[in-house]
1. Could you give the longest part of the chain that holds none of the chymotrypsin sites (Phe, Trp or Tyr not before Pro) found in DSSP loops with at most 15 neighbouring Cβ atoms within 10 Å?
2. Rounded to the nearest Å, what's the spacing between the alpha carbon centres of region 121-177 and region 1-63? Just the number, please.
3. Only helical DSSP H runs with n ≥ 4 go in: add -39500 (n - 2.57) per run for the chain, normalise by residue count and round the 222 nm mean residue ellipticity to 500 deg cm²/dmol.
4. How far, in nm, would the chain grow between Phe28 and Glu76 when pulled straight, counting 0.36 nm per residue and subtracting the alpha carbon separation?
5. For Leu91 and Ser132, calculate 0.36 nm times their separation in residues minus their Cα-Cα distance, and state this gained length in nm to one decimal.
6. Please compute the modelled spin-label separation between Gln7 and Lys168, points set 7 Å along Cα→Cβ, answer in nm with one decimal.
7. Output the 0 to 90 degree angle, nearest 10, between the alpha-carbon long axis of helix 2-13 and the longest principal axis computed from the alpha carbons of the chain.
8. If you take Rg/Rh (Cα atoms, Kirkwood Rh) from the coordinates, which of [x] 1.12; [y] 0.92; [z] 1.02 do you get?
Amino acid sequence: MQHIDTQFFLFIHGLSDKGSFNDAAIVFFADHFPNILLFIVIILIFRYSKLNNIRNVYGYFLAIISAYVAERGVRELIGHYYYRIRPYRALDVSHLLSSNSHSFPSGHSMFFFALSAGVFLVNKKLGYVFYSSALIMGLARVAAGVHYPSDILGGMILGTLTTLVLNKIYLWYAKLN
């Protein structure tokens, strides 16, 4: 399985080092674009709070909370028991970004797929846009050399599951009150 993951990594990573514009685009989508997605959700919270649409405010707020729990809770717990070295170190390849933390699962992917799942629960069309954006961000992080494709897939699954579990807990709690 590691061999297939490495082959996919090398294929996607092959998109980097093809010129400064290409590398700048990879870095933008891998490192800066996620901030734009988070900013959009914060704007939506303020927009719906001014419209007194509490359901959507709670939904988008749950998206942010889920994203935080996914990255700072679930990912850190996994990283405490399982350490996977970053591909640029393991394979000694070039990289456009660097990090000293573990590779699996991708914290960015966990955060932004959890956020996407929360957005999807509120607004399906916007949720698809967020899911697509999170996938582009994840692939850019592979191209940048900091993650294997399975790190992104793991973040995708765990981030989405975190949101679904927290949403179930929220709905259960809301029923009690």
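1. 84-177
2. For region 121-177 versus region 1-63, the Cα centre distance is 10 Å.
3. -23500 deg cm²/dmol
4. My answer for the length gained is 14.8 nm.
5. This chain segment gains 11.9 nm when fully extended.
6. 3.6
7. Between helix and principal axis, roughly 90 degrees.
8. [z]
Only the coordinates and a few stated rules stand behind these numbers; no lab work does. Everything numeric in this text was worked out from a predicted model, so none of it was measured. When we count neighbours, we look across all protein chains shown, and the Cβ atoms used for this are built from the backbone with ideal geometry, even at glycine.
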